[in-house]
């Protein structure tokens with residue numbers, strides 16, 4: 001009978017400032033707890049279920065900070081209320097609202113659970129915690145303080161230790177790399193989402209690549225190179241393993257498995273220093289599986305903005321719209337809809353091409369004379385397209401192609417700058433340089449925009465430039481149709497890496513006159529929750545391209561056949577009036593797919 005009065009006295013007799021601090025400590029404790037719970041959820045998804053998580057490796061310490069900052073937006077108001085009132089209901093309100101917000105936050109990523117159900121469950125937990133707190137405020141607040149202090153120490157320790165551990169790992173790997181020798185270095189630069197049709201080297205938009213047009217005189221340009229997939233992860237996985245997309249696990253929500261050796265693993269085992277510097281955090285970050293074999297893998301930025309993005313609340317569309325609001329009235333209008341939906345591919349603090357370039361050049365300079373294998377991914381030509389103001393000189397277009405071309409011109413300047421720096425350091429002529437793209441982009445062709453969900457030519461046809469004096473001819477154009485599936489075989493051939501376990505054929509055969517490159521096959525699987533406007537909504541799509549034709553087969557059995565030499569825009573479907581040609585393409589595709597190894601994890 002005396003529980004409530006005693007409990008009420010415990011809270012009411014505390015000084016106003018102490019009550020306010022108690023509320024803030026409670027908020028911090030719940031924020032840290034929510035961050036650790038969310039981290040555990042991601043650990044299970046990544047380590048147990050083998051899924052992509054789309055968060056930084058530093059999420060384990062960033063997330064508690066992000067949740068704490070979010071909860072403090074309400075916690076500070078509750079602290080002010082505690083200054084003015086010693087009512088036990090203020091304490092109950094503080095515990096209930098903060099706990100409810102914390103639990104609701106960690107449930108936000110699970111869209112299968114209706115938001116109203118999530119909120120109800122979170123409120124039930126909040127009520128129970130409030131009741132327990134009111135039963136013994138002193139004990140509850142003491143526990144919250146201890147957890148907040150201990151959790152804060154853990155977060156600070158992890159924030160300091162994790163970057164240090166990565167540097168230690170990198171230095172240890174570098175210590176075991178060969179000091180010098182005859183082995184050439186390898187530099188692979190991927191211009192994410194850059195199609196050949198908009199590349200100056202292919203007369204699509206000459207002003208986009210003035211620097212690479214100059215560098216082309218010192219190497220070989222492939223006029224008809226095709227990506228093995230219309231989107232990032234399977235294309236990169238093919239670049240690193242030499243396998244076609246159907247042979248790999250890499251998919252929309254699944255990383256590259258460990259069933260195949262990667263280029264970085266092979267050359268790293270032979271004493272190369274290995275480093276990757278990537279801008280695409282959707283599908284080339286650490287959780288993509290592409291990091292295997294790299295001693296240095298620089299992906300997510302360590303910035304305040306990236307810390308802020310490390311909670312569910314700051315990944316919602318509501319938060320995005322609030323950030324982009326240009327007035328208080330516009331911001332208030334966003335609260336009418338309360339859109340808590342979250343894109344599984346979380347947004348991140350962008351890493352621009354110049355930062356990727358500088359990071360690589362700093363790393364390369366630290367190596368001394370050691371041979372290296374470096375992989376660079378520039379993301380600026382991916383929607384939304386980015387370029388500094390001085391590159392925005394292209395005529396405006398409704399499709400946004402002017403922004404795209406400006407971004408390509410910006411990337412061209414970065415590639416040129418990297419090659420200039422390597423030449424100034426005396427490292428360029430002993431480096432195998434490959435510049436290419438993982439896929440292209442559509443701008444209303446076939447009534448489609450973007451990439452990933454179709455296999456039309458402008459999504460598969462990509463630039464390819466190779467430079468390595470004495471092994472690669474200068475000022476040469478190769479017309480043969482080639483697949484970028486052959487990149488690993490080409491790289492180890494040019495670098496002289498013996499007995500490398502990569503399928504495919506070295507593209508060196510093409511500039512010597514013998515065209516034995518792998519078939520230009522591509523595949524895209526159906527994405528989860530894909531719009532019916534996309535061709536992949538009808539199932540997986542496969543295609544095959546040769547020196548004159550391009551055959552596409554859809555999941556529902558529909559077919560398209562284009563004579564791209566005379567119809568580069570692919571406007572006339574020759575399969576519609578079949579004269580036997582389509583059957584021959586169908587047979588070729590079936591035969592090739594039967595030779596492929598079953599998909600491996």
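A short reminder: the numbers here are calculations on the coordinates, not readings from a lab. Note that the structure is a prediction, hence the values are computed from the model and not measured. No Cβ is skipped: glycine too gets one built from the backbone with ideal geometry, and neighbour counts run over all protein chains shown.
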Original post:
In whole percent, what relative contact order does the chain give with Cα contacts below 8 Å and a gap of six or more residues?
Top reply: 18 percent
**OP:** List the relative contact order of the stretch 268-337 as a percent without decimals, with contacts defined as Cα pairs under 8 Å and 6+ residues apart.
**Re:** 22 percent
**OP:** Would you kindly calculate the mean projected area, averaged across all directions, of the convex hull enclosing the Cα atoms of the stretch 69-225, in square nanometres?
**Re:** 19.0 nm²
**OP:** Hey, could you get me the Stokes-Einstein D for the stretch 3-163, Kirkwood radius over alpha-carbon pairs, 37 °C and 0.692 mPa s, rounded to whole µm² s⁻¹?
**Re:** 199 µm²/s
Original post:
So, how do all the Cα-to-Cα distances of the chain break down into 10 Å bins, in percent, from 0 on up?
Top reply: 3, 15, 24, 22, 16, 10, 6, 3, 1, 0
Subject >> For the stretch 483-543: span of alpha carbons on each principal axis (Å, largest first) >> reply: 47, 23, 12
Subject >> Among beta bridges that DSSP assigns inside the chain, antiparallel share in %, nearest 5 >> reply: 45 percent
Subject >> Additional length obtainable on full extension of the chain from residue 355 to residue 203, 0.36 nm per residue less Cα span >> reply: 51.8 nm
**OP:** Measure nothing but the geometry: give the 0 to 90° angle between the long axis through the Cα atoms of 353-366 and the longest principal axis through the Cα atoms of the chain, rounded to 10°.
**Re:** 80 degrees
Original post:
Relative to a virtual label point 7 Å from the Cα of residue 125 in the Cα→beta-carbon direction, which members of the stretch 309-346 show backbone nitrogen distances below 20 Å?
Top reply: 310-316, 340-342
Subject >> From the C-alpha gyration tensor of the stretch 222-270, square roots of 5λ in Å >> reply: 19, 16, 8
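Under the √(5λ) rule applied to the eigenvalues of the Cα gyration tensor, what semi-axes describe the equivalent ellipsoid of the stretch 338-472? Give them in Å, descending. If you can, show how the numbers build up before the last one.
Details: eigenvalues 193, 70, 49 Å².
Equivalent ellipsoid of the stretch 338-472: 31, 19, 16 Å, largest first.
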Subject >> Using alpha-carbon coordinates, inclination of helix 16-43 to the longest axis of the chain, degrees >> reply: 30 degrees
**OP:** Would you order 199, 347, 521 from fewest to most other beta-carbon atoms within 10 Å of each residue's own beta-carbon?
**Re:** 347, 521, 199
**OP:** Report the extension gain between residue 117 and residue 420 in nm, rounded to one decimal, defined as 0.36 nm multiplied by the number of residues separating them, less their alpha carbon distance.
**Re:** 103.3 nm
Subject >> Cβ crowding within 10 Å averaged over residues, with 467-473, 383-389, 438-444 ranked highest first >> reply: 438-444, 467-473, 383-389
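Taking 0.36 nm per intervening residue step and subtracting the Cα-Cα distance, what contour gain separates residue 325 from residue 398 on full extension?
This chain segment gains 23.9 nm when fully extended.
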Original post:
Using 1/(1 + (r/R0)^6) with R0 = 30 angstrom and r between the beta carbons of residue 384 and residue 73, what's the FRET efficiency to the nearest 0.05?
Top reply: 0.60
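At 222 nm, what value in deg cm²/dmol follows for the chain if DSSP H runs of at least 4 each add -39500 (n - 2.57) and the sum is divided by all its residues, to the nearest 500?
-14000 deg cm²/dmol
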**OP:** List 339, 22 from most exposed to least, where exposure is judged by having the fewest other Cβ atoms within 10 Å.
**Re:** 339, 22
Original post:
Alpha carbon centre of the stretch 192-271 versus the stretch 501-522: separation in Å?
Top reply: 14 Å
**OP:** Would you mind ranking 11, 168 by Cβ crowding within 10 Å, fewest neighbours first?
**Re:** 168, 11
Subject >> Stokes-Einstein D (µm²/s) once Rh is taken as the Kirkwood radius of the stretch 454-516 over alpha-carbon pairs, at 10 °C in 1.306 mPa s >> reply: 123 µm²/s
**OP:** Could you work out how far helix 88-107 tilts from the main Cα principal axis of the chain, as a 0 to 90 degree angle to the nearest 10?
**Re:** 20 degrees
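Let's test the formula: R0 of 41 Å, r as the Cβ-Cβ distance of residue 339 and residue 498. What FRET efficiency results, to the nearest 0.05?
0.15
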